[in-house]
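**Q** Before I ask anything, let me first share the structure, which is written out below as structure tokens.
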Amino acid sequence: MALFLTAVYVASLIPILCIARYNYPSADDYTNGSSCYHVWEESHSLIHVVRAAFSRTVSEWFEWRGCFTSSFLSALTPNIFGEKWYFITTWIVLGILSISVVYFFRMIFSKALGADKYMSHCISMLTLFMTVQCIGEQQRVEAFFWYSGAINYVFIHGISLLFFGLLLSLSVRKEKRRIGTLTFVSVLGFLVGGGNQMTMLNVAIVLTVTAAFITMRKQWRNYKQLALPIGMFYLGFILSIIAPGNFVRSESAMGMNPIKAIMVSFYDCLDLALSEWLAWPLLLLVLAMIPIFWKMAGCMTFSFHCPMIVILFGYCMVSAMFTPPLYALGNVEAGRIKALAFIMYVLVLVLCVGYVVGWLRKKYDGRCRKASSADRQKGGWGESCLYLFGCTAFFVFGSILTIIPEPHYYTFSSAIFDLTNGSALAYKTAWEERIAVFLDKPKEIVEIEAIEIQPELLYFSDITEDAQDWTNRGVARFYDLKSVVLRGDK
């Protein structure tokens, strides 16, 4: 089953990775990467490029935003080495997301709770499939294809899961050879503390609750190895919060007061979870996890005591994703914000379902004490296989019926549709022609045609007819032009 689900997930990524070949930068990619691009063109030195990215990060910390990890990564846009390298955006983001989810679940289920590693892998593959393929149509481009959005949100989310997984590894593994892991996880914690505010707040909540539990139970002697990584995270968190640039940026923003932002966050979470996110494919795949969680719980010694508290905590965690943008901007309309909230929602939903199923399994085992432990673990697996087969068959049948009228319903089906109808190739051709004009006319005023073909996964935004628009000025600065405008209708 683990091999089958892995094959399905990897196969579903192939069209997405293929269409990434036709991807091109836009908007903040030019603004963020212009300084590093010019350094690369002048020196072709990676050291100089990294130095320029660090310099820009320091400048932004004082003048625009405190998220130093996001600032540094955003400056290193792939197009500074040439637009042909922009495709690696999708490969990097999906790669770190896949690795982090598998590792995170492996640490929780297999290492911490003692469950079978193959069952843990099954849960990972189903979770990743839901995360990547069932994300909203308006959010996919900003989550997986637009570098400035993907690297700031989904990539940071991925390294936060690696951070959690490594903390679990330090807690579970008692061997002495852990100085390398401790150093790495401490650095990672510092970088997560300087990531986007949504992920940063979530990690801070989890670590605060964890530290409170350890303190109340007086177990710091057993978990003293966690003190340095947690401390390094909070160091990064504090540096990000106190940055002068945050106050500069807040002067031009129309955000909410903290109390209102928190209350609206709970509403937005509930509204999106019930009206938009919990579609039939997601619900069906979550139901398919139940027999796997049931078998896993039968092998665990962990007692699942508080399902309602865990569900409430999960709801608070997903709601907290909305609080920073509401506080800073007053809305959560950006696709990258909704995308990251959805990714966290899927993760929390899976964990909550697993906890509730574990609680039910322990209740069931408590009423069947006469049955041997081996009998309880073996019983019912044949019925579970039939149940899983039925879920799979229904999912395939329903997906076929859905994709035919709505080819963009899943991420992979959207990629296949735009690859086969030629729109992705036409989009690439239009961009190649535009970039050739940019490179051929330095120090000039350039007027270009709009890109008419806009594939659903690739197109994010374009310049405008106003030469003073920030996107236009960013492109002009990147290609060393006097100005660039979109040719209007005549």
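The values are calculated or read from the model by the stated rules, or taken from the named source; none is laboratory data. Owing to the predicted nature of the structure, the values given are computational and were not obtained by experimental measurement. Neighbour counts run over all protein chains shown; Cβ positions are idealised from the backbone, glycine included. All accessible areas refer to the heavy atoms of the entire protein, side chains included, with ligands and DNA or RNA removed. Shrake-Rupley method; radii C 1.70, N 1.55, O 1.52, S 1.80 Å.
**Q** Could you run through region 21-40 and say how many residues are free of Cβ contacts under 8 Å to residues at least 60 places away in the same chain and either of a type in the set (Asp, Glu) or open to solvent by 30 Å² or more (accessible area, probe 1.4 Å) (or both)?
**A** Count: 3.
**Q** Among the candidates Val248, Val172, single out the residue that is within 30 Å of Trp61 (Cα to Cα), in contact (Cβ under 8 Å) with a residue 40 or more places away in the chain and β-branched (Val, Ile, Thr).
**A** The conditions single out Val248.
**Q** Inspect region 128-143 for any residue being small (Gly, Ala, Ser), under 29 Å from Ile14 (Cβ atoms) and outside any helix (DSSP H, G or I) and give the result as yes or no.
**A** The answer is yes; a qualifying residue exists.
**Q** Looking at this structure, is Ala143 within 14 Å of Asp29 (Cβ to Cβ), open to solvent by less than 10 Å² (accessible area, probe 1.4 Å) and either aliphatic (A, V, I, L, M) or over 20 Å from the mean Cα position of the chain (by Cα) (or both)? Lay out the reasoning, then the answer.
**A** Details: within 14 Å of Asp29 (Cβ to Cβ): no; open to solvent by less than 10 Å² (accessible area, probe 1.4 Å): yes; either aliphatic (A, V, I, L, M) or over 20 Å from the mean Cα position of the chain (by Cα) (or both): yes.
Against the criterion (within 14 Å of Asp29 (Cβ to Cβ), open to solvent by less than 10 Å² (accessible area, probe 1.4 Å) and either aliphatic (A, V, I, L, M) or over 20 Å from the mean Cα position of the chain (by Cα) (or both)), Ala143 does not qualify.
**Q** Consider only pairs whose beta carbons are under 7 Å apart and that are at least six residues apart or on different chains; among these, list those whose first residue lies in region 380-400 and is under 16 Å from Leu5 (Cα atoms) and whose second residue is at pLDDT 90 or above and open to solvent by 30 Å² or more (accessible area, probe 1.4 Å).
**A** Every condition considered, the pairs that remain are Cys391/Leu287.
Yes or no, residue by residue, for (1) crowded, with 17+ Cβ neighbours inside 10 Å; (2) over 19 Å from Thr181 (Cα atoms):
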position	(1), (2)
Thr208	no, yes
Ala212	no, yes
Asn222	no, no
Met232	yes, no
Phe237	yes, yes
Pro244	no, yes
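**Q** In this structure, does His121 turn out to be open to solvent by 10 Å² or more (accessible area, probe 1.4 Å), in a helix (DSSP H, G or I), over 20 Å from Tyr410 (Cα atoms) and not aliphatic (A, V, I, L, M)?
**A** Criteria met by His121.
**Q** Could you check region 180-206 and list, in sequence order, the residues that are under 19 Å from the mean Cα position of the chain (by Cα), surrounded by fewer than 23 Cβ atoms within 10 Å (Cβ to Cβ) and of a type in the set (A, V, I, L, M)?
**A** Leu188, Leu191, Leu201, Ala204, Ile205, Val206 - these are the residues of region 180-206 that are under 19 Å from the mean Cα position of the chain (by Cα), surrounded by fewer than 23 Cβ atoms within 10 Å (Cβ to Cβ) and of a type in the set (A, V, I, L, M).
**Q** Would it be correct to say that Glu142 is among the charged types (D, E, K, R) and under 30 Å from Val396 (Cα atoms)?
**A** For Glu142, the condition - among the charged types (D, E, K, R) and under 30 Å from Val396 (Cα atoms) - is met.
**Q** Tally time: how many residues in region 41-70 are part of a helix (DSSP H, G or I), in contact (Cβ under 8 Å) with a residue 60 or more places away in the chain and within 28 Å of Val485 (Cβ to Cβ)?
**A** 2
**Q** Of the residues Leu94, Leu73, Leu13, Leu17, which is open to solvent by less than 10 Å² (accessible area, probe 1.4 Å), part of a helix (DSSP H, G or I) and either touching a residue at least 12 places away in the same chain (Cβ under 8 Å) or within 24 Å of Arg140 (Cβ to Cβ) (or both)?
**A** After applying the criteria, what remains is Leu94.
**Q** Still on this structure, please answer the following. At least 1 residues that are in contact with a Leu (Cβ under 7 Å, 6 or more places away or on another chain) and surrounded by 16 or more Cβ atoms within 10 Å (Cβ to Cβ) in each: list the helices (runs of 4 or more DSSP H) lying fully within region 394-490 that qualify.
**A** Values: elements: 411-420, 423-440, 470-478.
So the answer is 411-420, 423-440.
**Q** Looking at region 152-165 only, could you name the residues that are part of a helix (DSSP H, G or I) and either open to solvent by 10 Å² or more (accessible area, probe 1.4 Å) or over 18 Å from Asn202 (Cβ atoms) (or both)?
**A** Within region 152-165, Asn152, Phe155, Ile159, Leu162, Phe164 meet the criteria.
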